[in-house]
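Undergrad: To start, I am sharing the structure in question, which I have written as structure tokens.
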Amino acid sequence: MTSYDKTMEQIYGLKLGEIGDEIPSRHFGFYPPGEPEIPLPDAQKRYIREVTKHIKKGSYVLDIGCAFGETSVWLARNLDCRVLGIDLVESQIKHAREFAKKFDLEDRLEYRALNACDMDFPEETFDYVISLGVLVHVPDKDAVFANAFKALKKGGGIAFSDPILGEKSSWLTKQIAATVTFNVSFMQKVSEYEALMKKHGFSNIETLDVTETAFVKTWDLSKAEKYKTVLEPFKYENYFWARPSILNLARMFARPSLMKRNWGWYFFWAEKE
Ligand SMILES: C[S@@+](CC[C@H](N)C(=O)[O-])C[C@H]1O[C@@H](n2cnc3c(N)ncnc32)[C@H](O)[C@@H]1O
């Protein structure tokens, strides 16, 4: 096991049974401007729906960094999709398989423990590739986009959400972000993601800045007593930043930097024509 694998296991690893019978959410809520505020659990589902809005019913989807299967179960239940979920951390894959069994979705959901950098799927296998909050952790994004493009059918596309560095951000912001996330975060600028997708053949790229409509809004809401369980899927002993005291400090110091877009959060979409 490499030190990268160990750190990932330390951050995201779970003991079986640890997350209970219902799938918790690791997503922000999504609050489109001008729409009435909905409860956070509904807004978290809205977030998934928004990232995956291009996906058509009955598709075959690859979910990179699927964790315990929240997004794949949503796709199977709401869009009748078949999904292959991959994740580096084996214990999450075991949980995902348990959920598939529990919700009677084993015929549609398959999970494999696999590092995204080692993806080698055959040509034209999937209708769509998705990845929610994962690529930031992946050091060799070239390998991921190259195989994603190859493994997509023509007319399909890739949809992902990720934290990003501001266009004018310095090396120092990148270094601070890497340090507070145990040196397993490799943040990129939106322009760098766009260049990477074009390099590997993707076209019709769409980007959406959800820094305020997802990240900041959820941070602000998670202060409320009724929403404090929203951080439960993050284990406090691993996610030092999810401890209430640290979170308050982060809200105080990191929020202004988010508002200035030294960093932020984006949705991405690109097609294989
Ligand atoms: C923030 S979680 C997001 C989980 C999930 N996509 C979701 O939306 O709930 C990041 C996930 O990426 C996985 N991950 C990180 N690096 C990876 C890699 N190189 N290959 C595969 N999975 C990876 C982690 O194990 C973790 O489950």
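Undergrad: How large, in percent, is the carbon and sulfur part of the accessible surface of region 3-271 at a probe radius of 1.4 Å?
TA: On the way: 6700 of 12580 Å².
Taking all protein chains in place, region 3-271 shows 53 percent carbon and sulfur surface.
Undergrad: What pairs from LYS141/LYS217; LYS56/LYS102; LYS94/LYS174; LYS101/LYS223 go past 31 Å between their alpha carbons?
TA: Values: LYS141/LYS217 29 Å; LYS56/LYS102 25 Å; LYS94/LYS174 33 Å; LYS101/LYS223 34 Å.
Flagged as over cut-off: LYS94/LYS174; LYS101/LYS223.
Undergrad: What do you get for trypsin sites (Lys or Arg not before Pro) in region 152-181 restricted to DSSP loop and a cutoff of at most 14 other Cβ within 10 Å of the site's Cβ? Please list the in-between numbers first.
TA: Numbers: sites: LYS153, LYS154, LYS168, LYS174; in loops: LYS168.
Hits after loop and neighbour filter: LYS168.
Undergrad: Another one. How large is the Rg to Rh ratio of region 45-133 when both quantities use alpha carbon positions and Rh follows Kirkwood? If you can, show how the numbers build up before the last one.
TA: On the way: Rg = 11.9 Å, Rh = 12.8 Å.
Ratio of gyration radius to Kirkwood radius for region 45-133: 0.93.
Undergrad: Let me ask something else about it. Provide, as a two-decimal number, the C-alpha radius of gyration of region 3-271 over 2.2 N^0.38 Å, N being how many residues it has. Kindly include the intermediate steps, with their values, before the conclusion.
TA: Details: Rg = 17.6 Å, N = 269, 2.2 N^0.38 = 18.4 Å.
Taking N as the residue count of region 3-271, the ratio is 0.95.
Undergrad: Starting from the amide H of GLY133, placed 1.01 Å from N in the peptide plane, find each other amide H under 5 Å away whose residue is 5 or more places distant or on another chain.
TA: SER161, ASP162
Undergrad: Still on this structure, please answer the following. Looking at the chain only, what percent of DSSP beta bridges run antiparallel? Nearest 5 please. Please report the intermediate quantities before stating the final value.
TA: Values: 14 of 34 bridges.
Rounded to the nearest five, the antiparallel share is 40 percent.
Undergrad: Using only C-alpha atoms and all pairs of different ones, pull out the Kirkwood radius for region 1-108 in Å with one decimal. Write out the running numbers ahead of the final one.
TA: Numbers: mean 1/r = 0.0671 Å⁻¹.
Computed over region 1-108, the radius equals 14.9 Å.
Undergrad: Taking only protein heavy atoms and a 1.4 Å probe, what accessible area per residue, in Å², does region 3-271 have with all protein chains in place? Mind showing how you got there, number by number?
TA: Numbers: 12580 Å² over 269 residues.
So region 3-271 comes to 47 Å² accessible per residue, rounded to a whole number.
Undergrad: Do any trypsin sites (Lys or Arg not before Pro) in region 1-88 lie in a DSSP loop with no more than 14 other beta carbon atoms within 10 Å, and if so, which? Please list the in-between numbers first.
TA: Numbers: sites: LYS6, LYS15, ARG26, LYS45, ARG46, ARG49, LYS53, LYS56, LYS57, ARG77, ARG82; in loops: LYS15, ARG26, LYS53, LYS56, LYS57.
Counting only loop positions with at most 14 other Cβ atoms within 10 Å, the trypsin sites (Lys or Arg not before Pro) in region 1-88 are LYS15, LYS53, LYS56, LYS57.
Undergrad: Just from its helices, what would the mean residue ellipticity at 222 nm be for the chain, if runs of 4 or more DSSP H residues each count -39500 (n - 2.57) and the sum is divided by every residue, rounded to the nearest 500 deg cm²/dmol?
TA: Numbers: 9 runs with 97 residues, N = 273.
One gets -10500 deg cm²/dmol as the mean residue ellipticity at 222 nm.
Undergrad: How about region 95-136: which GluC sites (Glu not before Pro) there are in a DSSP loop, with at most 14 other Cβ atoms within 10 Å of their Cβ? Provide the component values of the computation, followed by the final result.
TA: On the way: sites: GLU98, GLU106, GLU110, GLU123, GLU124; in loops: GLU106, GLU123, GLU124.
Within region 95-136, the qualifying GluC sites (Glu not before Pro) (loop, at most 14 other Cβ atoms within 10 Å) are GLU106, GLU123, GLU124.
The values are calculated or read from the model by the stated rules, or taken from the named source; none is laboratory data. Keep in mind that this is a model prediction, so the values were computed, not measured. Positions of Cβ are backbone-derived with ideal geometry, glycine not excepted, and every protein chain shown enters the neighbour counts. Surface accessibility is based on the protein's heavy atoms, side chains included, excluding ligands, DNA and RNA. Shrake-Rupley method; radii C 1.70, N 1.55, O 1.52, S 1.80 Å.
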